[in-house]
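J.: First, the structure itself, so that you have it in front of you.
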Amino acid sequence: MMEGLREFCGMIWKVLSDQPDPKAAFLPLVPEAWRVEVSALLSVLPILMVFPALFALTTVLERKGLGRIQNRPGPNRVGPAGFLQFAADGIKTLTKEDVVPRAADRVLHFIAPLALVVPVFLTFSVLPFGRNLVPLNLDAGLLFFFAVGASTELAIFMAGWASRNKYSLLGALRGIAQMVSYEIPLILSTLSVVMVAGTMSLPAIVDAQAAGSGDLLSRWHVFTPWGFAGFLLFLVAACAEANRAPFDLPEGESEIIAGYYLEYSGFKFALFFLGEYLGLFAACGLGITLFLGGWHAPFRFMEAWVPSYLWFFAKLAGLVAVFIWVRGTLPRVRMDQLMNLAWKFMLPLALINLFAAALWHFLGSTPAGWAITTGLLVVSYWSLGRILMPPGRIGRRVYRYAGEGPA
Amino acid sequence: MSALNLLLGIVVLTGAVAALSLRNLVHCAFASIGAFLGLAGLYLHMGAEFVGLVQILVYVGAVGILFVFAILLTRGGGVEERPLFSTSWLCGVGVAGALALVLLSGLFKGADPSDPAASRPSPTLKQVGQRLMVEDVLALEIMALLLTVASIGAIVIAMPEPSRKEEDPT
């Protein structure tokens, strides 16, 4: 017993200090028959604990941040400076009555929040969080991420349809249309990384971004022209996939009240909320893995004295902060603007970026490679913008319905 | 046959039977999606990683969405009162039986799974890609052309007819 406890603490120390194969000493103490299950549990439990905790923290920080952007204090009543607000929110959602409309399809209404949260948790299993922290090292890790993530769209439809509410159904239709449209630029922007790295395994993609022995700076993909363009495309598409402002049309509280989770209350609503934020974290984690060097430090000399997973989570915090900032800054887009952006701007640009990545594959990091890929991307960005928004259409705003009055 | 195999088989069969026998079209769509998921699980369990993941991505992510979209755009998901058994069942049973014969003959011709000498192929993603993009690239391109033609056709059908001039609302 004592030995088991010691080895368990040793395992946690090995994880914290970035040592390889932390489970090696602990697992032989477990009975032979349970070894596989215990090993899986040891990989799964940290995900189930860390990310919901991060979600709780993010809800408070987001409300504080949005408050600062909008010149108000934000939550400031529970705990020091309002930072325990998430506990109050959690208790409230857990104790509220679970209201199911009489006309609703009870079975699907019950399954929908689970069908959203379970796949989102599964997507975390392929992300490399640290040097030796990959729960599931799949040969086709990226494919797994997108395959599992694709089923969240069905959960949204299920929620909207089962509620038997026209606003819910409208929200679900908007959600599916948006997610299907933005999935294409999302996947195409990640394909450029697969092409250059030559693998779909996420740990191998992280390894491809490690600094060589001679470089000062790491070889993050975002430091290349195609990687930079791909990262921006990925970020915009991920924002739309996560249904976050400025792409929060499926919720659209001023038009369709709350979209597909209008008829959800109590814990089921909390599950939707959790699923949405976890989806955002997973998308950020994938972006970090593919473009921002995964758990690698920006400079080679930093990797020796800061644990790898801290870099991953620092980057995650940075990206989430960017998303909060964007949410507080940009107004919601209109439906036609949303579709135009996806199909007429991001899709062609993602295809051109794929071509640029192919050129980079042959030219390499030479001056010619830099000049040609940068030129190609800048010219196509500029001309696509020109075609979509000709100079004649930019001018004084004309109000068609509101009328010109004093502001 | 392991317990997991049996469980997945039950999921697939239950999903398929439910998809045929439920009255609400949206329930049928979700039941068939459940069957697709079970099939993907079977593929993954047998070690066919690529096929299993593509099964989820294509059938659950794309075909499933297409199902529900088609149901919503055509009938509004209403429940239709109609006998479950109809004369077209005979035809369906005939086609299904013929397909089952073909599949079973292939199954019996193949290697015995309990035979340890028959080595299980475990293709890596690289090998699958090599095969698809290099050796069998012609078939892939023909499929791509077919799909492109189909989508262009869909757009042509969906386009408003040029003779009917619609009034510009602006």
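J.: With respect to A:Ala159, is the statement that it is among the aliphatic types (A, V, I, L, M), open to solvent by less than 10 Å² (accessible area, probe 1.4 Å) and in contact (Cβ under 8 Å) with a residue 60 or more places away in the chain true? Steps first, please.
T.: Numbers: among the aliphatic types (A, V, I, L, M): yes; open to solvent by less than 10 Å² (accessible area, probe 1.4 Å): yes; in contact (Cβ under 8 Å) with a residue 60 or more places away in the chain: yes.
Here the answer is yes, as A:Ala159 does meet what is asked.
J.: Here's another thing I want to ask about it. Among the residues of the stretch A:120-155, count how many are under 14 Å from the mean Cα position of the chain (by Cα) and within 19 Å of B:Val51 (Cβ to Cβ).
T.: Matching residues across the stretch A:120-155 total 8.
J.: For the stretch A:263-273, indicate whether the set of residues that are at positive phi and open to solvent by less than 20 Å² (accessible area, probe 1.4 Å) is non-empty.
T.: Here is the first cut: in the stretch A:263-273, the residues at positive phi are A:266.
This time we only want the ones that are open to solvent by less than 20 Å² (accessible area, probe 1.4 Å), so: A:266.
Yes - at least one qualifying residue is present in the stretch A:263-273.
J.: May I ask you to say which residue of A:Ala147, A:Ala112 is part of a helix (DSSP H, G or I) and more than 10 Å from every other protein chain (Cβ to nearest Cβ)? Steps first, answer last, please.
T.: Working: A:Ala147 fails: more than 10 Å from every other protein chain (Cβ to nearest Cβ).
After applying the criteria, what remains is A:Ala112.
J.: Quick check on A:Gly214: is it under 23 Å from A:Ser365 (Cβ atoms), surrounded by fewer than 23 Cβ atoms within 10 Å (Cβ to Cβ) and at pLDDT below 80?
T.: Values: under 23 Å from A:Ser365 (Cβ atoms): yes; surrounded by fewer than 23 Cβ atoms within 10 Å (Cβ to Cβ): yes; at pLDDT below 80: yes.
Judged against the criteria, A:Gly214 is a match.
J.: Would you call A:Gln85 more than 27 Å from A:Ile176 (Cα to Cα) and either open to solvent by less than 20 Å² (accessible area, probe 1.4 Å) or in contact with a Pro (Cβ under 9 Å, 6 or more places away or on another chain) (or both)?
T.: Working: more than 27 Å from A:Ile176 (Cα to Cα): yes; either open to solvent by less than 20 Å² (accessible area, probe 1.4 Å) or in contact with a Pro (Cβ under 9 Å, 6 or more places away or on another chain) (or both): yes.
Criteria met by A:Gln85.
J.: If I filter the stretch A:284-314 down to residues being open to solvent by 20 Å² or more (accessible area, probe 1.4 Å) and closer than 25 Å to A:Gly67 by Cβ, which single residue comes out as farthest from the chain's Cα centre (by Cα)?
T.: This residue is A:Ala314.
J.: Having 2 or more residues that are among the charged types (D, E, K, R) is the bar; report the helices (runs of 4 or more DSSP H) wholly within the stretch A:154-262 that clear it.
T.: Numbers: elements: A:166-197, A:202-208, A:225-241.
Passing ranges, in order: A:166-197.
J.: Only one of A:Val107, A:Val99, A:Val60 is among the hydrophobic types (A, V, I, L, M, F, W, C) and in contact with a Pro (Cβ under 8 Å, 6 or more places away or on another chain); which? It would help to see each step written out before you state the result.
T.: Working: A:Val107 fails: in contact with a Pro (Cβ under 8 Å, 6 or more places away or on another chain); A:Val99 fails: in contact with a Pro (Cβ under 8 Å, 6 or more places away or on another chain).
On inspection, the qualifying residue turns out to be A:Val60.
J.: Assess whether A:Ser39 counts as being exposed (fewer than 11 other Cβ atoms within 10 Å of the Cβ) and in contact (Cβ under 8 Å) with a residue 12 or more places away in the chain.
T.: Numbers: exposed (fewer than 11 other Cβ atoms within 10 Å of the Cβ): no; in contact (Cβ under 8 Å) with a residue 12 or more places away in the chain: yes.
Spelling it out, it is not the case that A:Ser39 is exposed (fewer than 11 other Cβ atoms within 10 Å of the Cβ) and in contact (Cβ under 8 Å) with a residue 12 or more places away in the chain.
J.: Mind counting the residues in the stretch A:162-183 that are more than 11 Å from A:Leu249 (Cα to Cα) and either away from every other protein chain (no Cβ under 12 Å) or over 24 Å from the mean Cα position of the chain (by Cα) (or both)?
T.: So the count comes out to 9.
J.: Same structure again: Determine which member of the set A:Asn76, A:Asn71 is open to solvent by 80 Å² or more (accessible area, probe 1.4 Å), over 30 Å from A:Ser168 (Cβ atoms), polar (S, T, N, Q) and out of contact with any Asp or Glu (no Cβ under 7 Å at 6 or more places or on another chain). Walk me through how you get there before you give the answer.
T.: On the way: A:Asn76 fails: open to solvent by 80 Å² or more (accessible area, probe 1.4 Å).
None of the others qualify; the one that does is A:Asn71.
Residue by residue, here is whether (1) farther than 19 Å from A:Thr123 by Cα; (2) open to solvent by 50 Å² or more (accessible area, probe 1.4 Å) holds:
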{"position": "B:Leu20", "(1), (2)": "yes, yes"}
{"position": "B:Leu37", "(1), (2)": "no, yes"}
{"position": "B:Ala40", "(1), (2)": "no, no"}
{"position": "B:Val51", "(1), (2)": "no, yes"}
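J.: I'm told A:Gly90 meets every condition in (1) open to solvent by less than 50 Å² (accessible area, probe 1.4 Å); (2) assigned to a helix (DSSP H, G or I); (3) assigned by TED's automatic domain parsing to the domain that holds A:Ser254 except one. Can you identify the failing condition by its number?
T.: Just one mismatch for A:Gly90, condition (3).
J.: Same structure again: Quick one: A:Met195 ticks every box in (1) within 12 Å of another protein chain (Cβ to nearest Cβ); (2) within 17 Å of A:Gly285 (Cβ to Cβ) bar one, so which box is it?
T.: (2)
J.: Let me ask you something else. Going through the stretch B:53-71 one residue at a time, which ones are aliphatic (A, V, I, L, M), surrounded by fewer than 20 Cβ atoms within 10 Å (Cβ to Cβ) and either closer than 16 Å to B:Ala35 by Cβ or facing chain A (nearest Cβ under 8 Å) (or both)? Don't jump to the end; show me each part of the working.
T.: Filtering the stretch B:53-71 down to residues aliphatic (A, V, I, L, M) leaves B:53-54, B:56-58, B:60, B:62-63, B:65-66, B:68, B:70-71.
Subset that is surrounded by fewer than 20 Cβ atoms within 10 Å (Cβ to Cβ): B:54, B:58, B:62-63, B:66, B:70-71.
B:Val54, B:Val58, B:Ala62, B:Val63, B:Leu66, listed by residue number.
J.: Tally up the residues in the stretch A:121-151 that are within 15 Å of A:Pro52 (Cα to Cα) and open to solvent by less than 10 Å² (accessible area, probe 1.4 Å), please. Reasoning before the result, please.
T.: First, the residues of the stretch A:121-151 that are within 15 Å of A:Pro52 (Cα to Cα): A:121-125.
Now narrow it down to the ones that are open to solvent by less than 10 Å² (accessible area, probe 1.4 Å): A:123-124.
Within the stretch A:121-151, residues that are within 15 Å of A:Pro52 (Cα to Cα) and open to solvent by less than 10 Å² (accessible area, probe 1.4 Å) number 2.
The values are calculated or read from the model by the stated rules, or taken from the named source; none is laboratory data. Here the structure is a predicted model, which is why all the values come from computation and not from measurement. Quick reminder, even Gly has a Cβ in these numbers, built from the backbone with ideal geometry, and neighbours come from all protein chains shown. Remember, those area values only see protein heavy atoms, side chains included, never the ligands or the DNA or RNA. Shrake-Rupley method; radii C 1.70, N 1.55, O 1.52, S 1.80 Å.
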